[in-house]
Amino acid sequence: MIILTRLAGSRFAVNPDLLERVEATPDTVLTLLDGTKYVVSESLEDVVRRVADYRATVIATARRLAEADAAAAELAAEHDPASPADWPSDVTPHLAPAVPLRRRRRS
């Protein structure tokens with residue numbers, strides 16, 4: 001969400017994913033996808049910068065979380081004695097027999 005200011009001075013938050021367009025006429029007017037319009041005191045350039053900053057933050061956070069998940073998975077694999085990477089080269093795991101997905105019909 002980005003925080004903006006109405007002309008009257010009250011602040012509110014807008015989900016930038018719902019913005020259809022931002023116009024400077026000369027006041028800055030936000031038009032949402034559902035047709036709702038808001039007049040704000042920020043300039044068009046400031047609104048665009050805030051949307052770009054918001055999206056950059058979302059991408060950076062997603063990347064940081066993905067890296068943390070990958071590091072945790074790597075750490076778990078290093079300490080998992082059942083991991084195939086830890087088996088000696090001459091050991092082949094014994095696989096359980098395949099289990100049918102449906103019962104066999106008796107004729």
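A few notes on this one:
- For region 30-77, filtering for residues that are under 17 Å from Thr5 (Cβ atoms), among the β-branched types (Val, Ile, Thr) and assigned to a helix (DSSP H, G or I) leaves 3.
- The number of residues in region 1-47 being basic (Lys, Arg) and closer than 23 Å to Ile59 by Cβ comes to 1.
- Matching entry among Ala24, Ala73, Ala8 (being modelled with pLDDT of 90 or more and surrounded by 10 or more Cβ atoms within 10 Å (Cβ to Cβ)): Ala24
- Any chance Arg64 is at pLDDT 70 or above, surrounded by 10 or more Cβ atoms within 10 Å (Cβ to Cβ) and over 16 Å from the mean Cα position of the chain (by Cα): no
- Residue that is surrounded by the most Cβ atoms within 10 Å (Cβ to Cβ) [pool: residues in region 27-61 that are among the β-branched types (Val, Ile, Thr) and modelled with pLDDT under 95]: Val58
- Residues in region 6-38 that are in contact with a helix residue (DSSP H, G or I) (Cβ under 8 Å, 6 or more places away or on another chain) and hydrophobic (A, V, I, L, M, F, W, C): Leu19, Val22, Ala24, Leu30, Leu32, Leu33.
- Every test in (1) at pLDDT below 95; (2) not in a helix (DSSP H, G or I) is passed by Ala13 save one, and that test is (1).
The values are calculated or read from the model by the stated rules, or taken from the named source; none is laboratory data. Just so it is clear, the structure is predicted and the values come from calculations on it, not from any experiment. Note that each Cβ is placed from the backbone with ideal geometry, even for glycine, and that neighbours are counted across all protein chains shown.
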